[in-house]
Amino acid sequence: MTGLLGVDREPTSVADTADPLAVPRNLLRDAVFERMLRKILRGDYRRGQRLRLDALADDMRVSRTPVREALVPLEALRLVIVQRYVGVVIAPWTVGQMVERTRIAQSMLVDPPTSCARSDEPFDPAALRDCLSEAGAFVELAVWVLRRSGAPVSADWLRSQQIVLDVFHTDDIARANGIDIAPDWTRRMQVVKAARTAALADDVALCAVRLTELSELLIALPERFRSAETA
């Protein structure tokens, strides 16, 4: 799999990590989480669908334990609801909720809720290598801006949202939700590169300006196309 900036990533699949005796437990949990996240966002698991833990484990080809562990961050992301005696319910998430995440990040960039001394942490460009989409790069850079601006709590919240925003804006997931990400892709990539250049120059203010511009482009994407949730 190739990342946003053309760097090859090691493929991760549950099929490759299904043996709990051969794979560290945390890696198995993460692989299950990533696959479940994609199936939820793609609609393979329908919104409102009820699933038993055993059924999920069978689908993932793993034991119940890594599935149970993967459900914790999925519930924190409001993508599943774990109900006692019922099992797992796929939450009625919407495309609008994905946009809301980006809007919140945008508001933080415009007016950082400063609570600590500003950090002097330099930006590490290697952090962008694993990003799958412009949204993932947006979060990575925005987290750096927030930390440099003295808003570590906001940075931590945004970090927790990175994977869902990154995966949601990949081509197949966006298409499954009625969104064509091709228009303005070149423009979005230009803004990503401009924000990266500003970060490497240690220009926090300019990086924030570029990221605010990128957030507007990301927010506009679903407004142009049919959304599966209203189909």
Pairwise label distance in nanometres, LEU27 with GLN190, each label 7 Å out on the Cα-Cβ vector: 4.2
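Among rounded, prolate and oblate, which fits region 18-121 when a ≥ b ≥ c are the square roots of the eigenvalues of its C-alpha gyration tensor, a/c under 1.5 means rounded, and a/b larger than b/c means prolate? Working shown, then result.
Details: a/c = 2.71, a/b = 1.58, b/c = 1.72.
Oblate is the answer for region 18-121, as a/c is 1.5 or above yet b/c matches or exceeds a/b.
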Assign one of three labels to region 98-167, namely rounded, prolate or oblate, based on the Cα gyration tensor with a ≥ b ≥ c the square roots of its eigenvalues; rounded applies when a/c is under 1.5, prolate when it is not and a/b is larger than b/c, and oblate otherwise. oblate
With the dipole of the chain worked out from charges on the C-beta (+1 for Lys and Arg, -1 for Asp and Glu) around the Cα centre, which of VAL32, VAL209, PRO125 lies farthest toward the positive end? VAL32
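How would SER63, SER154, SER115 line up from fewest to most surrounding beta-carbon atoms within 10 angstrom? Could the numbers behind the result be given before it?
On the way: SER63 13, SER154 24, SER115 10.
Result, fewest neighbours first: SER115, SER63, SER154.
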If you place +1 on the Cβ of every Lys and Arg, -1 on the Cβ of every Asp and Glu, and leave all else neutral, what size is the dipole of region 107-218 about its Cα centre, to the nearest 20 Debye? 120
With 10 angstrom as the radius, rank MET189, MET60 by how many other C-beta atoms surround their C-beta, starting from the fewest. MET189, MET60
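Find how much the distance from ASP180 to ALA205 grows on full extension, using 0.36 nm per residue of separation minus their present alpha carbon separation; answer in nm with one decimal.
On the way: separation 25, 0.36 × 25 = 9.00 nm, distance 3.09 nm.
Difference between extended and current length: 5.9 nm.
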Here the net charge surrounding GLY87, from other residues whose Cβ is less than 12 Å away from its Cβ (Lys, Arg +1; Asp, Glu -1), is +4
Applying 1/(1 + (r/R0)^6) with R0 = 35 Å to the Cβ-Cβ distance of GLU216 and ARG64, what FRET efficiency is obtained, to the nearest 0.05? 0.20
On Cα atoms only, tilt of 64-76 relative to the major axis of the chain in degrees: 40
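By counting other Cβ atoms within 10 Å of each Cβ, how are ASP58, ASP30, ASP203 ranked from fewest to most?
Details: ASP58 12, ASP30 18, ASP203 15.
Ordered by Cβ neighbours within 10 Å, fewest first: ASP58, ASP203, ASP30.
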Quote the relative contact order of the chain in percent (integer), defining contacts as alpha-carbon pairs under 8 Å separated by 6+ residues. 20
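Does region 73-210 come out rounded, prolate or oblate, given a ≥ b ≥ c as the square roots of the eigenvalues of its C-alpha gyration tensor, rounded meaning a/c under 1.5 and, failing that, prolate meaning a/b above b/c?
On the way: a/c = 2.36, a/b = 1.40, b/c = 1.69.
Since a/c reaches 1.5 but b/c is at least a/b, the shape of region 73-210 is classed as oblate.
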Report, to the nearest 10°, how far helix 95-110 tilts away from the longest principal axis of the Cα atoms in the chain, using its own Cα long axis and a range of 0 to 90°. 30
Against the rule of thumb 2.2 N^0.38 Å, how large the Cα Rg of the chain comes out: 1.05
If I take R0 = 30 Å and measure r between the Cβ atoms of VAL72 and THR114 in this structure, what FRET efficiency does the formula 1/(1 + (r/R0)^6) give, to the nearest 0.05? 0.50
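Readers should treat all values here as calculations from the given coordinates under stated rules, not as data from a laboratory. The structure displayed is predicted, hence computed values, not measured ones. FYI the Cβ positions are ideal-geometry reconstructions off the backbone, even for glycines, and counts take in every protein chain you see.
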